[in-house]
């Protein structure tokens, strides 16, 4: 029950109790007064009838044979008087025996000398008594007066009058009704006053309750409007101050959490926080990227459901058992190489109790995952690069050494053969120079300073494409290729003129080299726009050559990678051309794409942002 109804009800009950007490006290007081008045009236009646009884007694005693007749006359008179007065009259002699009784047979009654009121009257005093009557079975009021002792009939007896105390109950009923009527009249005003008094307390309390409910739900901006100069006002001010402090701390906490979230999101490392049972509590985009799964909807669920190949549970148990951070290297089925640092965490309760980490098994575990795939691939590429460079340099250098020795031996004996050796020597030197130039170009493109947009100028790709087509046309003609060029009137990009020329030349030479004699090669330049509204210059080199197997298409842009090494040596080339193409495209903010089918041909497409 709410306070606003509890207090009025308490007032009503208190008023009722008070009225009942007043009525009870009043009834008791009035009953005593009424009984006193009844006794006085009974005393008056007793003295009035005593004279009549004395006259009858004189007449009865005046005759010699009238004793029995006198007793009968007394009984009849007593009954008559008692009936008229609606009271019990009893005539008792000086020895305490009943001579006459208006409501009972005198001969059947016991001696009354020991009755208090009779004893007082026998001693010459008026006796009054209130007690329960065994004869009548109810509370009676007794008044006894002494009679003259001159008459032999009663020999100084007593006249007693008795009336039931219940006769005053009807009068007392009014005394009960009056307080109740007063209570009923005052009830509604009392409840109304109590209700409005209660509202003056409960309304501010309700506003305070609403304010605390808002704060409990996380709305720390809510303030209460209790303006009073009492305890409720002080409580309202304290709650407002508390809410302001909570709002400030919540803002600080929110800012710190936002910064932490931004830091966590920006981290290149993957971060995972797991419960002891393997449920995911927190992750960042780095972890999703490294594991190759979407963890956004996995919070609260076992990580193994999304990343089955990541042995999180096993690593967590190992770290918890060791009681310290451990580092593991994982090779995932998707080809990623990960270094995982596993840190067992203690709960605040365990830290406060001083439990050592070695004993705190079953807590949360933090995983910091680093992707070592690129680094390992770079190391592998460096090893391959050193091997390939050594091999590529060793072959022409060995040829040069052999040709030099042969030339030394034949220059005098066979000048014609020596001239052929000189031509081959020149070709090997040209190949070595080309390899060196490509290495220098690739090295320059891989320098950190060679970022996209550095020292770029507007370049029209249309004349560049035409120039490069004319430059390689003799090579195409030598293999009877049909080289077609399709370009718009103008296609401008921001870039490096020399690098873009190298890109186009390498694509054309690659197509000429790996297309069978009499093939068809097309150089196309067009404009394109993606759904985001960005405009691109799209350059494509299409051939109907041998094609590239699907398994090799992702690696053809690596340095010194050749699909068919034997054919590559026969056709020439350094193995760096397509790698240079990729670096030039990426340096210009673009990308290179490949579509190829073995025995059908290949299409290399370069997309560059238009100026």
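Please treat every number below as a calculation from the coordinates, not as lab data. No experiment lies behind these values; they were computed from the predicted model shown. Neighbour counts are summed over all protein chains in view; Cβ atoms, including those assigned to glycine, are modelled from backbone coordinates with ideal geometry.
Please arrange 367, 456 by how many other C-beta atoms lie within 10 Å of their C-beta, fewest to most.
Values: 367 24, 456 17.
Listing 367, 456 from fewest to most nearby Cβ atoms yields 456, 367.
Starting with the fewest neighbours, write out 200, 579 ranked by other beta-carbon atoms found within 10 Å of each beta-carbon. Show your work: numbers first, answer last.
Details: 200 11, 579 22.
Final ranking by Cβ density, sparse to dense: 200, 579.
With the Cα gyration tensor of the stretch 96-146 in hand, give its eigenvalues times 5 under a square root as the equivalent ellipsoid semi-axes, listed largest first in whole angstrom.
On the way: eigenvalues 60, 43, 15 Å².
Here the semi-axes work out to 17, 15, 9 Å.
Please compute, over every Cα-Cα pair in the stretch 216-304, the percentage with a separation greater than 15 angstrom.
Working: 2763 of 3916 pairs.
When all Cα pairs of the stretch 216-304 are counted, 71 percent exceed 15 Å.
Would you please put 522-533, 72-83 in order of how densely packed they are, using the mean number of other Cβ atoms within 10 angstrom per residue and starting with the highest? Can you show the working numbers first?
Values: 522-533: 12.2, 72-83: 16.9.
Final packing ranking: 72-83, 522-533.
Among 229-241, 534-546, what's the highest-first ranking by average C-beta atoms within 10 angstrom per residue?
Packing proxy ranking, top to bottom: 534-546, 229-241.
May I ask you to order 246-252, 159-165, 320-326 by the average number of other C-beta atoms within 10 Å around their residues, highest value first? Display every interim value, and only then the final one.
Details: 246-252: 12.7, 159-165: 21.9, 320-326: 14.9.
Peptide ranking by packing, descending: 159-165, 320-326, 246-252.
For a quick check: sort 370, 199 by the number of other beta carbons within 10 angstrom, fewest at the front. Don't jump to the answer; show the numbers that get you there.
Values: 370 18, 199 15.
Placing the least packed residue first, the sequence is 199, 370.
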